[in-house]
Amino acid sequence: AKKWYDLALKQLSADIRQIQMVANAFMAYNKLDYAKETYEKGIQLTKDETQFASNLAELYRRSGMLDQMVKYYIIFAKNSPNNLKYIKQVMQLNMSDSLSLILENKLYEQVQLEPEEVVYPDLLGWLFVYKKEYAKALRQYIALDKRMDENGTRVFELGNAAEKDEDFSTAIRAYRYLAEEKPGTNSYKIEAKRKMLSCMRQQINISADIEETELVIIDSVYSDALQKLGLNNSTAELSIEYANFLAYYRNDLPKAITILKEIITRKDLNDRLVAKAKLDLGDLYLISGEIWEGSLLFSQVDKAFQEGFLGELARFKNARLFYFNGDFEWAKIQLDVLKRSTSKLISNDAIDISVFIAENTGLDSTTVALGMYAKAELLCVQHRYNEAFANLDSLLFLFPDHELEDDVFYLKAKTYAELKDYSTSVQYYTKIIEGHVEDIRGDNALFELASLYETILNEPEKAKKLYEKIFMEHSNSTFAIEARQRYRDLTEHLKTNEPMSKDELFMRNMHNP
């Protein structure tokens, strides 16, 4: 048989149809090496390496010869850019560390040889997105956007991917390019500005030390953008986010309330945007002590959007308000309905508060202690921390050894952490672990104290011990799987004596409960 195979190869001419037929015949008999040799000789005879590039790429893929596979898929991509989507799918299905490295090196090599060819940066950008190396991908995509005078879609989608994976620095650069740097107009300009500012807020959200200069810069960008763009359906969401920034980062409730009031009084704005503004304004009224003004706004949104997420969220906010005010029976009725919410977040929060009310009202003839606790929670929401702590201290004094004791410690621990008083926060988490570890707040305290040691206090050994305690002694905990993974990661980092980078710690903190 070999004799006839060799004869078929020897008799090949520059006839493309003949070359294809001979190669197909070899493939029918699973003689892949002969099929490859046929196409390789066909390239020599036709003096056109693009002619059989896709065929050779597939044959080398089946043979596991990655270098040659990449070589011919790149030739195929350059010659047939309309097939880029197919080529990316094939690469993704066969992706490995080896293939990734070969592809990256080959593409960089081609970029140097043919700097004007757009297929290479396109494939490089795709590869970097696949590897979640968004900063590298952004360089390729911005270059493509400029060279091809694109509409920005590629860069915007990359920003979304980076934001989703919490690479906020890259997301901000992508959105800034579209909002501020890309020449001319583009359909993403306003949304990119909004998302850029959103990422900037998220980036500072868990920072141990927020620099005042950072807040001033963000404030200025918001203010300048809204002054230039005005208030309309395209900018209302940006305006709502600015109000929240002023309220929660700049402690400027009056200005925030003024902005939201303007939105809800405008007749030309979309009803859903007005409803979002009402919900946020209701929250600010709750903070400022005007709880019934807040309740009125929540009720308006509930009535206008009885079906769907906004209505359910309004009902939850109202139910929580009644809980804060000590009307536990009415709050529980509403919360029990919301347990069936289509939103998992609303459903879970409704279940948590409903169960909490049931556990602390079932046996007691009075609800004084629960009322004091709920009042303290409200005071924390209103940033009246000293009054909240005084209320909690009074609760423990009037009701010693009450079953709410672990909840009191937990609320204090969480609040002191938010106030950056980490040493006091550690003390209260430790009180729970030492005296109430089997209570409902026990595994929460273990996990959050471990996270505090890991991400803020830089004490990985202490964090590691607590994570181990969770999955070894509290295997049924909802934190067990995450704790085991963090334990493994910390063990690996400690073994190599390499501390976690700031970015890794940032990502950790983003997932704290």
Angle between the chain longest axis and helix 291-304 axis [Cα atoms, degrees, rounded to 10]: 50
Restricting to aspartates and glutamates and to Cα separations under 12 Å from Lys182, and discarding same-chain partners fewer than 8 apart, the set is Asp145, Asp149, Glu150
For the stretch 428-444 and the stretch 283-340, what is the separation of their C-alpha centers, rounded to whole Å? 30
For the stretch 211-304, just say rounded, prolate or oblate: build the C-alpha gyration tensor, square-root its eigenvalues into a ≥ b ≥ c, call rounded for a/c under 1.5, and beyond that prolate if a/b exceeds b/c, oblate if not. oblate
Any trypsin sites (Lys or Arg not before Pro) in the stretch 246-286 that lie in a DSSP loop and have at most 13 other Cβ atoms within 10 Å would be Lys267
Rounded to whole Hz and in sequence order, give me ³J(HN,Hα) for the stretch 26-34 from the Karplus expression 6.51 cos²θ - 1.76 cosθ + 1.60, θ = phi - 60°, writing x for Gly and Pro. 4, 5, 4, 9, 6, 9, 5, 5, 5
Per-residue [θ]222 nm for the chain (sum of -39500 (n - 2.57) over DSSP H runs n ≥ 4, rounded to 500): -24000 deg cm²/dmol
To the nearest 10 degrees, how steeply does helix 309-324 sit against the main Cα axis of the chain, on a 0 to 90 scale? 30
Too long at a 27 Å Cα-Cα cut-off: which of Lys255/Lys276; Lys339/Lys465; Lys78/Lys164; Lys317/Lys412; Lys420/Lys465? Lys339/Lys465; Lys78/Lys164
Sorted peptide list for 145-153, 463-471, criterion being average Cβ within 10 angstrom, highest first: 463-471, 145-153
Can you bin the stretch 116-253 into rounded, prolate or oblate? Criterion: square roots of the alpha carbon gyration tensor eigenvalues sorted a ≥ b ≥ c, rounded for a/c under 1.5, prolate for a/b above b/c, oblate for the rest. oblate
Spacing of the two label points (7 Å from each Cα toward its C-beta) at Ile210 and Met65, in nm: 6.0
Where GluC sites (Glu not before Pro) fall in DSSP loop in the stretch 95-139, at most 10 other Cβ within 10 Å: Glu116
Net charge near Pro183 (other residues with Cβ under 15 Å of its Cβ; Lys, Arg +1; Asp, Glu -1) is 0
Fully extended contour minus Cα-Cα distance, from Asp48 to Thr153, at 0.36 nm per residue: 34.3 nm
Between Glu109 and Glu293, what FRET efficiency comes out of the Förster formula 1/(1 + (r/R0)^6) with R0 = 60 Å and r the beta carbon distance, rounded to 0.05? 0.35
Can you give the convex hull volume of the alpha carbon atoms of the chain per residue, in Å³? 216
Among the chymotrypsin sites (Phe, Trp or Tyr not before Pro) in the stretch 294-359, which ones are in a DSSP loop with at most 16 other Cβ atoms within 10 Å of the Cβ? Mind listing them? none
May I ask for the angle, rounded to the nearest 10°, between helix 460-473 and the longest principal axis of the chain, with both axes built from Cα atoms and the value confined to 0 to 90°? 80
Highest mean first, how do 34-42, 447-455 rank when packing is the count of other Cβ atoms within 10 Å averaged over residues? 447-455, 34-42
Once phi is turned into ³J(HN,Hα) by the Karplus curve 6.51 cos²θ - 1.76 cosθ + 1.60 with θ = phi - 60°, what whole-Hz value does each residue of the stretch 238-253 show in order, with x for glycine and proline? 4, 5, 4, 5, 5, 4, 5, 4, 4, 6, 9, 10, 10, 6, 10, 4
Modelling each spin label as a point 7 Å along the Cα-to-Cβ direction, I'd like the Ser187/Asn270 distance in nm, to one decimal. 1.4
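Laboratory data are not the source of any read-out in this text; all were calculated from the coordinates shown. Everything numeric here is computed off the predicted structure, so don't read it as measured data. Glycine also receives a Cβ, built like all others from the backbone with ideal geometry; neighbour counts cover every protein chain displayed.
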